[in-house]
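K.L.:
Please read through the structure below; I'll follow up with questions.
Values in this text are rule-based calculations from the coordinates and carry no lab data. As the structure is a prediction and not an experimental result, all values here were calculated from the model. A quick note on method: Cβ atoms are made from the backbone with ideal geometry, for glycine too, and the neighbour counts reach across all protein chains shown.
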């Protein structure tokens, strides 16, 4: 009941008033809980969801941040959807076929897929949205996810017209997509908002105002009814949605919650049913006091230290290995990063479908053996406790990064005798320094996969990748990645990617530290999010409100 | 007085011009740009984005374009909140910030002057010491400490008041306004007390008393009018303090005011948003100082003569 009394919503108040009248009117009956039950069942089912920060945009092709992605998954439906487990299920496409060469996908769009205004969703809506995404004029940051589609890269580079994109509407309900090369993870890309359809008449009529509640036309389980920047975004159930019968929530309210401490307070005060994050410095308190509501799940991300391989001292492979060996990951997970993060010995997060995890060669050694080997390598590189190396760890200003850096610095000091300086920079400054590879020696980094395939991790380390801040460049690696991108046989492709990661890990261009987890506080009455029956959300943290419900 | 007002308003133009120019070039010198993210975009995409927002033009040309737009009242599109223009964000946020800041100043004025006057009347009594001690505490505890404390006690433990949000109920206003007003209450109470003590010893008060004017009227009509002058001149800095304070308060209480855009805009290198807010705040403070001077003139004939 605390949830209802705390919700400052006219409709809920209405319910409270009527229930009070009901209580007075029926005297004896009202004192029994059974009499109240039918009334509560009629009340609106509202979920209050903490959502990190104010979304940058609710335009599917323009949006690029995680908070917006949660809202867009509720507002729109792509060709494919995701089950609570994260598995890909049919969405607006009821079925699809893939040609033998893996280059042509044909999607059959379901007859009852409709926009919120009742108009049918057509293949042309997808073509329009995708052409819009790759069009340079749109300025879409995530258009690169559509790069596997034929001509997409040339269109983005301004060399071809958007109409030449390899996606055609054969008829209203049939969409044919030609790819530039086989892309086994193509369906996974289609879960991202950049591939969602948009309603052309609304976009053209309202221009940059088309995402406002009054103008927006969407095709998902919910529709947008209120957008108050920095205050809240209210979605209501969309009765036109083809699968509306399965949607239980009447409303979802998203709140921007930049401060995790403030978010936790709002949760404890009953104003939120679901938090976006959990403040790291309060995990111990949460475990002691509200452990039942604390949901920790594996996440598709890795926290690591990168070495700048283009400059001394870390152009020396022995030194890189020594410094990676000397990090005691167990102590870090025990004392510093304590939410249940997993010590990392690989770059690709283990547990991807069909991918046999590849680990650094020292994974099975004890820390004592690692430390001994580390010091040996350190000496071979020309340093010792009497002739120590001075290195610099650079990270973006943040308490957690700082704690980790201090701990690692002391490990390097005690195992190797290295002198370690810590340098922190404001985030955007840090990104620029890291990219320049001029001043950096060891730098903090993290990577969250965009889709459930090793490619999303390994593509970073191609020598021509703009995200390769270590300067790692290996022709053999590039060759394997190239072969993998052309390989149609899934098993063979995985083997190629595994070999590529082997090369990458052996070079110790990075020291993987831990694999991320997602942390949420979830009220016990919120159901429908459990991905594996063990109380975890799925590994992508894609929790669609269409599956959620409240049971009190 | 009209001439004075006009002169001051004209004098504000060069000030604003300097503010625009300085903030434009200062934020551009900060490393990183609006579209730099942990996941950086491919070069072609970055080029497209820069073209969409004219960031590919030489800086002087962007400056000229921006200045031209600002004169027409257009602050441009936000880089971070791409579905909104800066003007729209400011005009949505301002009523909220104004309600918050205005209520805080109003509350501070009423409570601060009352407490200060009481303390002055009972100088060196227990009441005086209590007020001054509380005031001292209020000034020394920063609001980023006070605000979370208030939410913890009244929101989480007692559950009397909500700990965040806005627009969904009047009770959401209470804690943020108190948190924002507390240091100002304290400061105003001290100011009032000091100045009232002085005024109560002055000749015209003695004369008034000698003429047998009832004490209550003497204080409210005569003494307070003179005693409140330092408080009036403090209102200028106070409004600035409330604006900067609201940056913190809005963050802590999840209030959709302009203060939050200031911080986030700077961190995101949302050039247009930061400048829009700076210009807006700048104009506001100039305007407020002008108002304070006018009110001062009304209260103190000596100032009006000059």
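K.L.:
Rounded to two decimals, what is the ratio between the C-alpha radius of gyration of segment B:207-306 and 2.2 N^0.38 Å?
P.N.:
Values: Rg = 20.0 Å, N = 100, 2.2 N^0.38 = 12.7 Å.
Computed over Cα atoms of segment B:207-306, the ratio equals 1.58.
K.L.:
Could you give the angle, 0 to 90 degrees to the nearest 10, between helix A:66-75's Cα long axis and the longest principal axis of the Cα atoms of chain A?
P.N.:
It is inclined by approximately 30 degrees.
K.L.:
Okay, moving on. Distance in nm between label sites at residue A:205 and residue B:287, each 7 Å beyond Cα in the beta-carbon direction?
P.N.:
It is 3.6 nm.
K.L.:
If you average the alpha carbon positions of segment A:72-140 and of segment A:461-539, how far apart do those two centres end up, in angstrom?
P.N.:
For segment A:72-140 versus segment A:461-539, the Cα centre distance is 25 Å.
K.L.:
Only bridges whose two residues both fall in chain A count here: according to DSSP, what percent of them are antiparallel, nearest 5? Write out the running numbers ahead of the final one.
P.N.:
Values: 51 of 66 bridges.
DSSP beta bridges in chain A are roughly 75 percent antiparallel.
K.L.:
Still on this model: Using Cα-Cα distances under 8 Å and only pairs 6 or more residues apart, what relative contact order does segment B:94-268 have, in percent? Present the calculation step by step, with values, prior to reporting the outcome.
P.N.:
On the way: 221 pairs, mean separation 58.9, N = 175.
RCO, segment B:94-268: 34 percent.
K.L.:
So, in nm, how far is label residue B:139 from label residue A:164 when the simple model puts each one 7 Å beyond its Cα toward the Cβ?
P.N.:
Reported label-point gap for residue B:139 and residue A:164 is 7.2 nm.
K.L.:
Taking a virtual spin label 7 Å from the Cα of residue B:1 along the C-beta vector, which residues in segment B:276-294 bring their backbone nitrogen under 13 Å of it?
P.N.:
B:291-294
K.L.:
Here is a further query. Once both axes come from the Cα atoms, what is the angle between helix B:2-29 and the longest principal axis of chain B, in degrees from 0 to 90, rounded to 10?
P.N.:
For B:2-29 against chain B, the angle is about 40 degrees.
K.L.:
Just to verify a number: FRET efficiency for residue A:464 and residue A:311, C-beta to C-beta distance, R0 = 22 Å, to 0.05? Numbers along the way, then the final one.
P.N.:
Details: r = 20 Å, r/R0 = 0.90.
Using R0 = 22 Å, I get an efficiency of 0.65.
K.L.:
Which of A:536, A:70, B:54 has the fewest other C-beta atoms within 10 Å, and how do the rest follow up to the most?
P.N.:
Least to most surrounded, the residues fall as B:54, A:536, A:70.
K.L.:
Order of B:67, A:480, A:416 from fewest to most other C-beta atoms within 10 Å?
P.N.:
Placing the least packed residue first, the sequence is B:67, A:480, A:416.
K.L.:
Please compute the contact order of segment A:378-477 in relative form: average sequence separation of alpha-carbon pairs under 8 Å and at least six residues apart, divided by the residue count, as a percent. All intermediate terms of the calculation are to be shown ahead of the outcome.
P.N.:
Working: 118 pairs, mean separation 25.8, N = 100.
After rounding, I find 26 percent.
K.L.:
Same structure, new question: Based solely on its DSSP helices, what 222 nm [θ] is calculated for chain B when runs of n ≥ 4 H residues each add -39,500 (n - 2.57) and the sum is averaged over all residues, nearest 500 deg cm²/dmol? If you can, show how the numbers build up before the last one.
P.N.:
Numbers: 13 runs with 217 residues, N = 306.
The helix-only estimate for chain B comes to -23500 deg cm²/dmol at 222 nm.
K.L.:
Here is a further query. Would you mind checking the tilt of helix B:86-121 against the longest principal axis of the Cα atoms of chain B, expressed as 0 to 90 degrees and rounded to 10?
P.N.:
Taking the Cα atoms of chain B, the angle to B:86-121 is about 20 degrees.
K.L.:
Next up: PRE reach from residue A:414 (point 7 Å along Cα→Cβ): which of segment A:323-360 fall under 15 Å by backbone N?
P.N.:
Once the point is set 7 Å along Cα→Cβ of residue A:414, A:326-336 turn out to lie under 15 Å by backbone N, inside segment A:323-360.
K.L.:
Run the numbers for residue A:384 and residue A:281: contour at 0.36 nm per residue of separation, minus the present Cα-Cα distance, in nm. Could you put the intermediate results ahead of the total?
P.N.:
Numbers: separation 103, 0.36 × 103 = 37.08 nm, distance 3.63 nm.
Answer, rounded to one decimal: 33.4 nm.
K.L.:
If each DSSP helix of 4+ residues adds -39,500 (n - 2.57) and the sum is divided by the residues in chain A, what number results at 222 nm, nearest 500 deg cm²/dmol? Intermediate values should be presented prior to the final figure.
P.N.:
Working: 18 runs with 177 residues, N = 552.
Per the formula, -9500 deg cm²/dmol.
K.L.:
Ranking A:69, A:410 by Cβ neighbours within 10 Å, fewest first, what do you get? Before the final figure, lay out the partial values.
P.N.:
Values: A:69 20, A:410 12.
In order of increasing Cβ crowding within 10 Å: A:410, A:69.
K.L.:
If I take R0 = 25 Å and measure r between the Cβ atoms of residue A:364 and residue A:506 in this structure, what FRET efficiency does the formula 1/(1 + (r/R0)^6) give, to the nearest 0.05? It would help to have the intermediate numbers written out before the result.
P.N.:
Values: r = 15 Å, r/R0 = 0.61.
Efficiency for this residue pair is about 0.95.
K.L.:
So, one more: Residue separation times 0.36 nm, minus the C-alpha to C-alpha distance between residue A:212 and residue A:429: what's the value? Write out the running numbers ahead of the final one.
P.N.:
Numbers: separation 217, 0.36 × 217 = 78.12 nm, distance 3.35 nm.
Taking residue A:212 through residue A:429 to full extension adds about 74.8 nm, to one decimal.
K.L.:
Same structure again: If r is the Cβ-Cβ distance from residue A:421 to residue A:373 and R0 is 25 Å, what FRET efficiency results, to the nearest 0.05?
P.N.:
Values: r = 25 Å, r/R0 = 0.99.
Efficiency, rounded to the nearest 0.05: 0.50.
K.L.:
I've got another one for you. Compute from the Cα atoms of segment B:94-268 the Rg and the Dmax, the latter being the longest Cα-Cα distance, and quote both in angstrom.
P.N.:
Cα radius of gyration and Dmax of segment B:94-268 are 18.6, 65 Å respectively.
K.L.:
Report the gain in length on full extension from residue A:65 to residue A:527: 0.36 nm times residue separation, minus Cα-Cα distance, nm rounded to one decimal. Don't jump to the answer; show the numbers that get you there.
P.N.:
On the way: separation 462, 0.36 × 462 = 166.32 nm, distance 2.55 nm.
Going from the current span to full extension adds 163.8 nm.
K.L.:
Over its Cα atoms, what ratio of radius of gyration to 2.2 N^0.38 Å does the protein assembly as shown give? Numbers along the way, then the final one.
P.N.:
On the way: Rg = 30.9 Å, N = 858, 2.2 N^0.38 = 28.7 Å.
Here the Cα radius of gyration is 1.08 times the empirical estimate.
K.L.:
So for chain B, averaging the separation of alpha carbon pairs under 8 Å that are six or more residues apart and normalising by length, what relative contact order in percent results? Provide the component values of the computation, followed by the final result.
P.N.:
Working: 339 pairs, mean separation 79.0, N = 306.
Computed value for chain B: 26 percent relative contact order.
K.L.:
Under 17 Å from a point 7 Å along the Cα-to-Cβ line of residue A:178: which residues of segment A:98-126 have their amide N that close?
P.N.:
Output list for this probe position: A:98-107.
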